[in-house]
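Read the structure below first, then the notes.
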Amino acid sequence: MNRMPPDSDPPRDDRAIRVARATDLGAFVGKELAPGRWRSVTQDEIDRFVALTGDRNWIHTDVERAMRELDEGTTIVPGQLLLALVPGLAQEAYGVVGAVQSRAAALRSVRFRRAVRTGEPFRLRTRLTLVERRPRFVQVDASCHLELSSGQRALTCERTDVFFD
């Protein structure tokens, strides 16, 4: 995944929430966290993803045909690739440094709202919606969306992570 040029947006790492325990995230429920850095996906990254998944739809892989036949004149990032990037992008928004282990437990309400073109900038916006202690772990739910530089949402989803102390 590529980073955008430094003048497009300052690094956001210093604004990421880092807490010792997952329950400490409860103070941030209902608040939108600092957005992540602007990213984009290259054709090489798409080609490697397609090699793994076998999704050889020409809109993702055929650069020449896309130039001729697609409105934007470029290939489109596979939605499943964008979805696969969400966990790593979410780590730019929040993390639990004292957790022994964490796991992505669920993805719900996934919606692909707009195609993302190869090389098009996007970033993740995250809002924590639930932090709840369970008998063996702490459940953290978040509402996420990939925002394009135009301000449009490309992908929305609800995700659940579980943290073990």
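Under a Gaussian network description of the chain, with springs only between Cα atoms under 10 Å, the residue in 143, 102, 40 that fluctuates furthest is 102.
Report the calculated FRET efficiency for residue 64 and residue 110 (r = Cβ-Cβ distance, R0 = 35 Å), to the nearest 0.05. Working shown, then result.
On the way: r = 31 Å, r/R0 = 0.88.
Efficiency, from the Cβ-Cβ distance: 0.70.
Using R₀ = 45 Å, calculate the FRET efficiency as 1/(1 + (r/R₀)^6) where r is the Cβ-Cβ separation of residue 27 and residue 71; round to 0.05.
E between residue 27 and residue 71, to the nearest 0.05, is 0.50.
The stretch between residue 53 and residue 84 holds 10.0 nm of extra length on full extension. This uses 0.36 nm per residue minus the Cα-Cα distance.
Dipole magnitude for segment 49-140: about 640 debye, using +1 per Lys or Arg Cβ and -1 per Asp or Glu Cβ, origin at the Cα centre. The modelled label-to-label distance between residue 129 and residue 103, using points 7 Å beyond Cα along the C-beta direction, is 2.2 nm.
Would you mind estimating how fast the chain diffuses translationally, via Stokes-Einstein at 4 °C and 1.567 mPa s with the Kirkwood radius over Cα pairs, in µm²/s? Write out the running numbers ahead of the final one.
Details: Rh = 16.9 Å.
Translational diffusion coefficient: 77 µm²/s.
Computed from Cα positions, the angle between helix 79-90 and the longest principal axis of the chain comes to roughly 40 degrees.
Annotation for residue 158 and residue 20: the two label points, set 7 Å from Cα along the Cα-Cβ direction, are 3.2 nm apart. Specify the angular offset, from 0 to 90 degrees and rounded to the nearest 10, of the alpha carbon long axis of helix 43-53 from the longest principal axis of the alpha carbons in the chain. With rounding to tens, the tilt is 70 degrees.
Of all beta bridges that DSSP places with both ends in segment 2-164, some 90 percent have antiparallel geometry.
None of the figures in this text is laboratory data; all of them are computed from the coordinates on show. None of the values given here were measured: they were computed from a predicted structure. Quick reminder, even Gly has a Cβ in these numbers, built from the backbone with ideal geometry, and neighbours come from all protein chains shown.
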